[in-house]
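Enquirer: Here you go, one structure.
The values are calculated or read from the model by the stated rules, or taken from the named source; none is laboratory data. Just so you know, these numbers come straight off a predicted model, no measurement behind them. So basically every Cβ, Gly included, is an ideal-geometry build from the backbone, and we count neighbours across all protein chains shown.
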Ligand code: ADP
Ligand code: MG
């Protein structure tokens, strides 16, 4: 990376080449691929100019899988060999699939293991990972055609509620498709990123995602560039498709008088209902004609048909807010995601509930992919976003302040993340029960020359002599660059913790500047550090001697006391001169002239200790 080599004269900065990375929204109903072109992130179309790739795969004997629009069209005629909504099957066991499949749409291969189910198709068994890989391959081909080059990696989005097995299978599908996963990203923050909400300092964002077959509401809290998921809710059996069903039922009643339809006729009617639903998002009313029946449906009538479904979405919002102990007034932005949020009735209900209109200016079915594309550009190094610089290495050292305003580096710069490092520290004063921790970032030796990231305190340290307590400080940076600092007092297990995003407010220029300064000041910083350490050692010794004289001064002759006191005076003079060499010399001298005193105290206290112990021992044996 050129910016990290800027002040090393033997290296030329590499010439920048644009590296190819994409963001992928691998959706239940539709999938999209996005990438950075000319400073913006755009969705890539297929050869016909279509942006959405239906997440549908048709398998035919002896020929390659058909993916997308063609497969979706085939689903009506060939439902048995056409896999839809495969995302719902990821990470599921055979029994789980059977139980969730109310329509009887999936034919499971009974020769397969319970834990590794596969679907029967005209071209053999296909498991959910393979089907997902076929969708990914179609997206990769689209991107590589468009970008005229090989992809280096992708950010793939997953629902916030996806468990480890579902995430792992998403990764497996990418590997099978020959695609490197730069990161799996949760869908709700991805949408918020697409709207640039991460550049705000703070706020609460609700992401309302109504896709084809699922509904997810997430409440995100933004603090200094980090999205934290405060609460999630939703319904895995509620989505745009249910609105199709409601409309198809109504149509079936009008056209066929409610008589039972076969699978093929049902599929056809559903397909028609879906088209009408889409039209009603733009038109007041629509002319209907199906078989030899014709009629008209207004938007208002349709909204009335869907009232229950709409109310369910609002109920979920209410529950999510309640779970996070927030009220609608606490919500700064509502982000609409998922194709079904195009329905005006949904938008109206959301506006009414939150008391303000939601953000809708990014296409709701594109927002997640765009957010993933932004992340991909950053991860591959094409773009250093202003306020969330997400590199896979830690660009500047992270450490804590130690006595003397010095920095102790814990994670050095250029360490690959995720990473965890720990170090032990101790108390400075006798009886010290609390410790201040100051987390800093930078290459310099003095705290004042570094960036301050966070302060926190560890309390409840049992009182001990200075230097006896053990406090273990762990620095942990996760894959998203989030730093957690945990301080633990080892004897009691008392802990304190803080989280911070070290990249917040840091851009490539300021990193470069900080590295430059640290090189320029390297020598002077080293001297300064030596001085500070000498000063610290000296004052620690003087304090210890003062405290000892107060308790055991009687052990000294007048002459001995005078010698020690004059050594202290000389050390203080050396401290004023600010030369680490002089201070070391005088500290040594003070150590020497007081060593006899220290030895006498040791004898005295060990003696006391032994006597105390023998009395206890006697007591014990008498019981
Ligand atoms: P997923 O996240 O499940 O892949 P999408 O976000 O692509 O799904 O949403 C698909 C759903 O959005 C479908 O039910 C589709 O009918 C619906 N949808 C797309 N466009 C419109 C529109 N203009 N009006 C109403 N619903 C729409
Ligand atoms: Mg979606």
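Enquirer: Which of the residues that make up the stretch 187-205 are buried (at least 23 other Cβ atoms within 10 Å of the Cβ) and within 16 Å of ligand 2 (Cβ to nearest atom)?
Expert: Listed by number, the residues that qualify are 187, 188, 189, 190, 191, 192, 193, 194.
Enquirer: For the stretch 565-597, name all the residues that are more than 11 Å from residue 531 (Cα to Cα) and in contact (Cβ under 8 Å) with a residue 40 or more places away in the chain.
Expert: Matches in the stretch 565-597: 586, 587, 590, 591, 594, 597.
Enquirer: Could you say whether any residue in the stretch 221-239 is within 16 Å of ligand 1 (Cβ to nearest atom), in contact with a helix residue (DSSP H, G or I) (Cβ under 7 Å, 6 or more places away or on another chain) and either outside any strand (DSSP E or B) or under 20 Å from residue 52 (Cα atoms) (or both)?
Expert: Within the stretch 221-239 (the criterion being within 16 Å of ligand 1 (Cβ to nearest atom), in contact with a helix residue (DSSP H, G or I) (Cβ under 7 Å, 6 or more places away or on another chain) and either outside any strand (DSSP E or B) or under 20 Å from residue 52 (Cα atoms) (or both)), the answer is yes, since at least one residue qualifies.
Enquirer: Residue by residue through the stretch 81-109, note down the ones that are outside any loop (DSSP other than H, G, I, E, B), over 31 Å from the mean Cα position of the chain (by Cα) and crowded, with 16+ Cβ neighbours inside 10 Å.
Expert: Those that are outside any loop (DSSP other than H, G, I, E, B), over 31 Å from the mean Cα position of the chain (by Cα) and crowded, with 16+ Cβ neighbours inside 10 Å: 81, 82, 83, 94, 108.
Enquirer: Restricting the stretch 153-165 to residues that are surrounded by fewer than 23 Cβ atoms within 10 Å (Cβ to Cβ) and part of a strand (DSSP E or B), which is farthest from ligand 2 (Cβ to nearest atom)?
Expert: 153
Enquirer: Can I ask one more? If I filter the stretch 334-353 for residues that are under 21 Å from the mean Cα position of the chain (by Cα), under 30 Å from residue 154 (Cα atoms) and either away from ligand 2 (no atom under 13 Å from the Cβ) or modelled with pLDDT under 95 (or both), do I get at least one hit?
Expert: Yes, some residue in the stretch 334-353 is under 21 Å from the mean Cα position of the chain (by Cα), under 30 Å from residue 154 (Cα atoms) and either away from ligand 2 (no atom under 13 Å from the Cβ) or modelled with pLDDT under 95 (or both).
Residues are listed down the side, and each one gets a yes or a no for (1) buried (at least 17 other Cβ atoms within 10 Å of the Cβ); (2) in the same structural domain as residue 539 (by TED's automatic domain parsing); (3) more than 19 Å from residue 405 (Cβ to Cβ):
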{"residue": "457", "(1), (2), (3)": "no, no, no"}
{"residue": "464", "(1), (2), (3)": "no, no, yes"}
{"residue": "491", "(1), (2), (3)": "no, no, yes"}
{"residue": "504", "(1), (2), (3)": "yes, no, yes"}
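Enquirer: Return the only residue of 252, 267 being surrounded by 15 or more Cβ atoms within 10 Å (Cβ to Cβ), modelled with pLDDT of 90 or more and over 11 Å from residue 305 (Cβ atoms).
Expert: 252
For every residue, the table says whether it meets (1) assigned to a helix (DSSP H, G or I); (2) at pLDDT 90 or above; (3) closer than 15 Å to residue 34 by Cβ; (4) not assigned by TED's automatic domain parsing to the domain that holds residue 381.
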| residue | (1), (2), (3), (4) |
| --- | --- |
| 167 | yes, no, no, no |
| 170 | yes, yes, no, no |
| 173 | yes, yes, no, no |
| 178 | no, yes, no, no |
| 182 | no, yes, yes, no |
| 188 | yes, yes, no, no |
| 191 | yes, yes, yes, no |
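Enquirer: For residue 559, work out the one condition from (1) loosely packed, with under 14 Cβ neighbours inside 10 Å; (2) over 30 Å from residue 183 (Cβ atoms); (3) modelled with pLDDT under 90 it doesn't fulfil.
Expert: With (1) loosely packed, with under 14 Cβ neighbours inside 10 Å; (2) over 30 Å from residue 183 (Cβ atoms); (3) modelled with pLDDT under 90 applied to residue 559, the lone miss is (3).
Enquirer: Quick one: count up the residues across the stretch 193-220 that are part of a helix (DSSP H, G or I) and away from ligand 1 (no atom under 16 Å from the Cβ).
Expert: The number of residues fulfilling the criteria is 4.
Enquirer: When only residues in the stretch 394-412 that are over 22 Å from the mean Cα position of the chain (by Cα) and not in a loop (DSSP other than H, G, I, E, B) count, which is surrounded by the most Cβ atoms within 10 Å (Cβ to Cβ)?
Expert: Within the stretch 394-412, the match that is surrounded by the most Cβ atoms within 10 Å (Cβ to Cβ) is 407.
Enquirer: If you scan the stretch 337-365, which residues turn out to be surrounded by 23 or more Cβ atoms within 10 Å (Cβ to Cβ) and either near ligand 1 (Cβ under 9 Å from one of its atoms) or not in a helix (DSSP H, G or I) (or both)?
Expert: 337, 338, 340, 341, 343, 346, 364, 365
Enquirer: Only residues that are touching a strand residue (DSSP E or B) at 6+ places or on another chain (Cβ under 7 Å) and away from ligand 1 (no atom under 12 Å from the Cβ): list them for the stretch 240-255, please.
Expert: Once the filter is applied, which keeps residues that are touching a strand residue (DSSP E or B) at 6+ places or on another chain (Cβ under 7 Å) and away from ligand 1 (no atom under 12 Å from the Cβ), the stretch 240-255 yields 251, 254, 255.
Enquirer: Hey, another quick one. So, of the residues in the stretch 13-32 that are more than 12 Å from ligand 2 (Cβ to nearest atom) and surrounded by fewer than 24 Cβ atoms within 10 Å (Cβ to Cβ), which turns out to be modelled with the highest pLDDT?
Expert: Filtering the stretch 13-32 for residues that are more than 12 Å from ligand 2 (Cβ to nearest atom) and surrounded by fewer than 24 Cβ atoms within 10 Å (Cβ to Cβ), the one modelled with the highest pLDDT comes out as 20.
Enquirer: In the stretch 45-63, which residues are away from ligand 2 (no atom under 16 Å from the Cβ), closer than 28 Å to residue 90 by Cα and surrounded by fewer than 21 Cβ atoms within 10 Å (Cβ to Cβ)?
Expert: 45, 46, 50, 60, 61, 62, 63
Enquirer: Taking the condition loosely packed, with under 13 Cβ neighbours inside 10 Å, in contact with a helix residue (DSSP H, G or I) (Cβ under 9 Å, 6 or more places away or on another chain) and in contact (Cβ under 8 Å) with a residue 40 or more places away in the chain, does residue 258 pass?
Expert: Considered against the rule, which asks whether it is loosely packed, with under 13 Cβ neighbours inside 10 Å, in contact with a helix residue (DSSP H, G or I) (Cβ under 9 Å, 6 or more places away or on another chain) and in contact (Cβ under 8 Å) with a residue 40 or more places away in the chain, residue 258 comes out as no.
So that you can scan it fast, the table gives a plain yes or no per residue for (1) within 16 Å of ligand 2 (Cβ to nearest atom); (2) outside any loop (DSSP other than H, G, I, E, B); (3) in contact with a helix residue (DSSP H, G or I) (Cβ under 7 Å, 6 or more places away or on another chain):
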| residue | (1), (2), (3) |
| --- | --- |
| 368 | yes, yes, yes |
| 371 | yes, yes, yes |
| 378 | no, yes, no |
| 382 | no, no, no |
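Enquirer: Any idea which of 133, 118, 122, 71 is crowded, with 18+ Cβ neighbours inside 10 Å and either under 29 Å from residue 273 (Cβ atoms) or within 16 Å of ligand 2 (Cβ to nearest atom) (or both)?
Expert: Matching residue, one of 133, 118, 122, 71: 71.
Enquirer: Right, residue 258: within 15 Å of ligand 2 (Cβ to nearest atom) and at pLDDT below 90 or not?
Expert: Criteria not met by residue 258.
Enquirer: On the given criteria, is residue 447 closer than 30 Å to residue 306 by Cβ and modelled with pLDDT of 90 or more?
Expert: no
Enquirer: Something else: Name the residue that is surrounded by the fewest Cβ atoms within 10 Å (Cβ to Cβ), counting only residues in the stretch 270-286 that are in contact with a helix residue (DSSP H, G or I) (Cβ under 6 Å, 6 or more places away or on another chain) and not in a helix (DSSP H, G or I).
Expert: Within the stretch 270-286, the match that is surrounded by the fewest Cβ atoms within 10 Å (Cβ to Cβ) is 284.
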